[in-house]
1. Report the extension gain between Thr224 and Phe272 in nm, rounded to one decimal, defined as 0.36 nm multiplied by the number of residues separating them, less their alpha carbon distance.
2. Quick check on the range 73-234: take the gyration tensor over C-alpha atoms, sort the square-rooted eigenvalues as a ≥ b ≥ c, and tell me if it's rounded (a/c under 1.5), prolate or oblate.
3. Taking +1 at the Cβ of each Lys and Arg and -1 at the Cβ of each Asp and Glu, which of Val198, Gly127, Thr109 sits farthest along the dipole of the range 73-234 towards its positive end, judged by Cα position relative to the Cα centre?
4. Hey, any idea what % of the range 73-234's accessible area is carbon plus sulfur with a 1.4 Å probe?
5. Rolling a 1.4 Å sphere over the protein heavy atoms, what is the accessible area per residue of the range 238-324, to the nearest Å²?
Amino acid sequence: MNRIFTLMMVVIGVISTQAQSIERQVIGSAGTTVNNGSVTMDFTIGDLAVTVITDGSTKISQGFHQGSLLLAIKINPVAFIQGAALNPNNGEESLMRDDLRVADHIPTTSPYADALTVQNSVLTTTGANAIVDWIFVELRDAVTNTTIVASQSALLQRDGDIVGVDGVSDLEFDLTAGDYYVALKHRNHLGIMTDATVALSDIVTTLDFTDGSVNIYGTNAQTTFGMPSGVSAMWAGDANGDGKVNLIGSSNDSNTIRDVILNDPINLAIQFYGFNVTGYNDADTNLTGGTQIIGINNDASLVRDNILNHPFNTFIQFYGFNITEQLPAEVNRKRIQSDIALLEKVKALEAKSNK
Ligand SMILES: [Ca+2]
Ligand SMILES: [Ca+2]
Ligand SMILES: [Ca+2]
């Protein structure tokens with residue numbers, strides 16, 4: 001109590017000192033720390049001049065203290081991943097399948113870089129809000145759309161809602177309100193991005209990528225093949241995650257699926273093409289919980305069917321066709337940078353001629 005009282009006296013002392021000085025009462029535009037012997041004073045952005053006094057073990061706050069300038073952005077993206085939407089459960093044609101969840105194959109740690117985790121209890125939810133798989137959400141810079149400003153792993157529900165790791169909440173990003181591109185990625189589906197920036201704020205923004213209400217970057221970035229009427233989905237079949245779906249040629253997805261089957265420890269000696277590798281595997285393109293190359297609805301036939309049903313290939317039916325992920329490429333970023341450099345040169349020339 002004595003120490004607090006002493007500190008209170010210091011605070012009062014500081015206040016009375018400052019009360020005589022008008023300039024010290026302004027709201028600070030920058031932060032700093034003043035250390036005066038055993039007492040430290042903190043000034044942060046937006047604070048009145050007197051904020052925190054501490055002797056190392058006790059802290060007293062004085063005046064308006066602004067903890068953070070950031071308001072979380074909230075979004076509710078809605079998307080379908082084709083692999084989980086094909087061959088829906090009877091009577092649930094408008095929902096994706098949750099075979100991975102039912103078979104207990106969804107890892108509690110995200111397969112994406114941030115390695116977020118989900119509680120097992122979240123994966124017990126059934127019905128429309130049951131979890132289909134992990135998905136990855138990016139917010140990109142409004143000027144340079146290859147620059148990822150923020151990203152996070154999220155959970156995809158059977159009805160397409162993309163939610164936080166609690167399985168129900170809107171996604172939150174610690175960013176100031178503003179315009180961003182929103183991109184979605186999945187480990188064996190082709191990623192997609194909004195064609196334009198979206199104004200995001202702490203009031204939740206719903207972005208439905210399935211119903212045409214959001215224009216999507218690129219050409220045929222999504223597919224309607226095998227989907228319910230009026231629903232677009234992210235292309236399935238990128239078993240090796242290289243941003244392409246292809247059946248023949250080097251690094252094709254069909255070979256990846258075959259290799260997973262032939263290299264499975266249980267199948268290594270027998271090399272049985274009909275072997276079913278169960279578990280969470282990127283080669284399981286239709287998310288059944290098993291990777292197969294022969295038999296009905298096998299994972300390689302989905303790759304083939306997608307290639308033959310791409311709008312650019314339905315007429316020719318070329319097996320060597322590649323479906324390419326429609327996300328802005330590095331080349332675009334370089335082009336923007338060179339455009340900026342050119343613009344600066346023009347501005348410099350204009351400034352010269354105006355002299
Ligand atoms: Ca839902
Ligand atoms: Ca691929
Ligand atoms: Ca499968």
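The values are calculated or read from the model by the stated rules, or taken from the named source; none is laboratory data. All of these numbers come straight from a predicted model, not from anything done at the bench. FYI the Cβ positions are ideal-geometry reconstructions off the backbone, even for glycines, and counts take in every protein chain you see. Surface areas here come from the heavy atoms of the whole protein model, side chains and all, with no ligands, DNA or RNA. Shrake-Rupley method; radii C 1.70, N 1.55, O 1.52, S 1.80 Å.
1. Stretched fully, the Thr224-Phe272 segment lengthens by 13.9 nm.
2. Verdict is oblate for the range 73-234.
3. Going by the Cα projections, it comes out as Thr109.
4. 46 percent
5. Details: 4210 Å² over 87 residues.
Solvent-accessible surface per residue comes out at 48 Å².
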